[in-house]
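Worksheet for the structure shown next.
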Number of protein chains: 2
Amino acid sequence: MQVEAESDAMVGEHSVSEDPSSQSAMQFGEYKDSLVATISQHLDLKHHCTSSAAYRIADLGCFVGPHTLDAMRTITEAVKDKYKAGGGQSSGTPEFFVYFNDRVTNDFNALFAKFPEDRQYFAAGVPGSFHGRLFPKASLDFVYCSKAVHWLSKVPEEELTDPNSPAYNPDRISYINAPTAVCDAYLGQFTKEMESLLSARAQELVHGGLMVLVIPGRANGTQYPSWSQVFMALEPILLDLAKEGMVSKNKVDLFNVPMYFPSPEELKNIIQKAEGFEIVELSTFTRISFPVFPTEVLRGAYGGLLTKHFGTEVAEQAFDRYEKEIPTLRLRNPAEGNGLFIYVTIKFNKS
Amino acid sequence: MQVEAESDAMVGEHSVSEDPSSQSAMQFGEYKDSLVATISQHLDLKHHCTSSAAYRIADLGCFVGPHTLDAMRTITEAVKDKYKAGGGQSSGTPEFFVYFNDRVTNDFNALFAKFPEDRQYFAAGVPGSFHGRLFPKASLDFVYCSKAVHWLSKVPEEELTDPNSPAYNPDRISYINAPTAVCDAYLGQFTKEMESLLSARAQELVHGGLMVLVIPGRANGTQYPSWSQVFMALEPILLDLAKEGMVSKNKVDLFNVPMYFPSPEELKNIIQKAEGFEIVELSTFTRISFPVFPTEVLRGAYGGLLTKHFGTEVAEQAFDRYEKEIPTLRLRNPAEGNGLFIYVTIKFNKS
């Protein structure tokens, strides 16, 4: 087993989730009911029959927020309810062991310090990339992964930055408004990463184990997600900075945000090809009146990326200009009012 | 389940273990062979028969040093060797899952960043006090706890600081040179904590599971451990600071170091009374020419404690004076040349 090399792509996002008033935290309530319903409908108790063995749950890409703790409390309580309803005896309820996973660069110390005193489960932090193996064979009963897989571990660089490639992507920082070849390169990377995630979990999940994924995505048949406002705002800012000589044009051309928002159809295709997995539930929900990201949220999400690629001065300049453009953004993108999430439950059946 | 309240007693020690040249790190090599021999002789493979289930190891009170990683590599390799020798088939070797446990205040981020790329086990950090439950029932195969239990989670304060108690302990910062009642109060606290540690592990270990403890101790029949040089040096320094008015005498009287060095006999008594545990091996080893602790090691080990109780100024003053006294200490305590460690292996047999 080799520990996978990790990109720093997600480093910046932690501070977003850390703020309970942030976009990220606000959204858990919106699919909490779905989570409880999923467990009530699809959890199969006969695959976890020994009451003495612990029920093991992993939160992949957990970050450091109250969201992850809310989600784990919701899941453990729903599983407990299911056990009680199923067996009629509360003595048959297993103990719970929750694994909080995120990249090594995540602030696990901050997460551990936030553990509630009344938590009803044993808990551990598991550092590492969820695109590789993290747990022993057949050791997980439930996997939860919320708003993490749209962050790619890397962009398909060789394709996007090679002038001879059909997916060469100058003048842009993402696949928004890009030729089909660029979109395809992004989708290719997303597909590869979903495949490695599913292949690792196929080793780690018990037969009958459930996996719930929440992914910011886009509607079938649309080319761009409503989330694209950020890229559409940042892109001209960076190009302006290049024109003014604050940064080289080449540097901007080499910058591509490692993020992909799949459609339900794309996601379905990938999961259906993964051996052992079956989609038992797929729904989408939208956020009404999705606001323009405030600058501090943008800084939390993209600060690390921008600083790493361009240096602090250029990154700060970009955020300053974004701040000034916020009123314009509100006017310019009235259609960007809704954000789409894909909520998918898959079951692992060992062949 | 309630997460136990934690003292800050151990906060300071991390920096000691972090330095590979420190006392703490140097000592692992001295009992590495014992660890390998323990596994070879006492590991009972029939209690862990399914090759698909992971072999689960916990390192209790792991701190943040190379020591803990060396120990986990040694244990996993020795267990693997035992499997290969036992079954003759390397395909029967299980996967390993190692849990690094320490208090919530431990720097888990630093530990995770030090994970070697070639590690042959899955790994997690488990924050919390090992005097309480940390893992699900019957989920651990092997428990390792090195140089951690001599740190008490608290001193028996009500006894040591009450002028009406026979164990009232003014003018001293430990049980060294103290009346029997004070030593007994310390031993009582140590006993209580060992009992809670063993009682929690009795729930968590599988039948036939092993536990190896390495504890700085003292020889049977002696009153003080050779480690006492630190207390013997710090005590007069603090009393001098009180005399000079830098700190109140009462404050010094209320300060007692939460540390106890048991004798093999005391340890045996405690373990023999713990239900389900059997001592399969108990040995002691000594360090030849144990040096006087350099000031930075002392600061690492006691800085947190002293600062919390006395404030930074007094703590720094104490370290300055200790630094000046080091040459005297070398002359004064020639008999302090040896440090004793107790190495004990216990087996859990479910009744």
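The values are calculated or read from the model by the stated rules, or taken from the named source; none is laboratory data. Please read all numbers here as calculations on a predicted model, not as lab measurements. A quick note on method: Cβ atoms are made from the backbone with ideal geometry, for glycine too, and the neighbour counts reach across all protein chains shown. In case anyone asks, the SASA skips ligands and DNA or RNA and just uses the protein heavy atoms, side chains included. Shrake-Rupley method; radii C 1.70, N 1.55, O 1.52, S 1.80 Å.
Some values worked out for this structure:
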read-out: Some residue of segment B:85-94 being out of contact with any Ser or Thr (no Cβ under 9 Å at 6 or more places or on another chain) and of a type in the set (A, V, I, L, M, F, W, C); value: no
read-out: Positions within segment A:59-77 being away from chain B (no Cβ under 14 Å), β-branched (V, I, T) and within 16 Å of A:A148 (Cα to Cα), in sequence order; value: A:T68
read-out: A:P94 vs. criteria within 13 Å of another protein chain (Cβ to nearest Cβ), open to solvent by less than 30 Å² (accessible area, probe 1.4 Å) and over 27 Å from the mean Cα position of the chain (by Cα); value: yes
read-out: Every pair of residues 6+ apart whose Cβ atoms lie under 6 Å, when the first sits in segment B:179-201 and is farther than 14 Å from B:L213 by Cβ and in contact (Cβ under 8 Å) with a residue 60 or more places away in the chain while the second is aliphatic (A, V, I, L, M) and outside any helix (DSSP H, G or I); value: B:Q189/B:L152
read-out: Subset of segment B:247-258 (residues that are open to solvent by less than 20 Å² (accessible area, probe 1.4 Å) and not in a loop (DSSP other than H, G, I, E, B)); value: B:V252, B:D253
read-out: All positions within segment A:91-121 that are closer than 14 Å to A:L45 by Cβ and among the hydroxyl-bearing types (S, T, Y); value: A:T93
read-out: Selected residue (criterion: modelled with the highest pLDDT) from residues of segment B:37-54 that are in contact with a helix residue (DSSP H, G or I) (Cβ under 6 Å, 6 or more places away or on another chain) and open to solvent by less than 60 Å² (accessible area, probe 1.4 Å); value: B:I39
read-out: Filtered residues of segment A:118-138 (kept if of a type outside the set (G, A, S), crowded, with 19+ Cβ neighbours inside 10 Å and more than 30 Å from A:V182 (Cβ to Cβ)); value: A:Y121, A:F122, A:V126, A:P127, A:R133, A:L134, A:F135, A:P136
read-out: Options A:K84, A:K80; residue that is within 14 Å of chain B (Cβ to nearest Cβ), surrounded by fewer than 21 Cβ atoms within 10 Å (Cβ to Cβ) and assigned to a helix (DSSP H, G or I); value: A:K80
read-out: Residues being within 21 Å of A:S199 (Cβ to Cβ) and open to solvent by less than 70 Å² (accessible area, probe 1.4 Å) - total across segment A:277-323; value: 4
read-out: Members of segment A:105-114 found to be modelled with pLDDT under 95 and in contact with a strand residue (DSSP E or B) (Cβ under 8 Å, 6 or more places away or on another chain), listed by number; value: A:N106
read-out: Residues (assigned to a loop (DSSP other than H, G, I, E, B), more than 7 Å from chain A (Cβ to nearest Cβ) and not hydroxyl-bearing (S, T, Y)) located in segment B:120-131; value: B:G128, B:F130, B:H131
read-out: Matching residues in segment B:103-117 - criterion: being open to solvent by 10 Å² or more (accessible area, probe 1.4 Å), more than 7 Å from chain A (Cβ to nearest Cβ) and either out of contact with any Pro (no Cβ under 8 Å at 6 or more places or on another chain) or free of Cβ contacts under 8 Å to residues at least 40 places away in the same chain (or both); value: B:T105, B:A110, B:P116
read-out: Restricting segment B:132-162 to residues that are touching a Pro at 6+ places or on another chain (Cβ under 7 Å) and more than 30 Å from B:S351 (Cβ to Cβ), the residue that is farthest from the other protein chains (Cβ to nearest Cβ); value: B:V155
read-out: Filtered residue count, segment B:276-302, keeping only those that are part of a loop (DSSP other than H, G, I, E, B) and modelled with pLDDT of 95 or more; value: 1
read-out: Which numbered condition A:G29 misses (of (1) closer than 28 Å to A:N256 by Cα; (2) modelled with pLDDT under 85; (3) not β-branched (V, I, T)); value: (1)
read-out: Leading residue by the ranking (nearest to the chain's Cα centre (by Cα)) among those in segment B:259-276 that are under 10 Å from B:I342 (Cβ atoms) and open to solvent by less than 20 Å² (accessible area, probe 1.4 Å); value: B:F261
read-out: Segment A:208-238, residues that are within 26 Å of A:D141 (Cα to Cα) and either without any contact (Cβ under 8 Å) to a residue 12 or more places away in the chain or more than 17 Å from the chain's Cα centre (by Cα) (or both); value: A:G208, A:G209, A:L210
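Okay, residues lined up against (1) β-branched (V, I, T); (2) under 19 Å from the mean Cα position of the chain (by Cα); (3) at pLDDT below 95:
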{"residue": "A:G125", "(1), (2), (3)": "no, yes, no"}
{"residue": "A:W151", "(1), (2), (3)": "no, yes, yes"}
{"residue": "A:E157", "(1), (2), (3)": "no, no, yes"}
{"residue": "A:P163", "(1), (2), (3)": "no, no, yes"}
{"residue": "A:R201", "(1), (2), (3)": "no, yes, no"}
{"residue": "A:V206", "(1), (2), (3)": "yes, no, yes"}
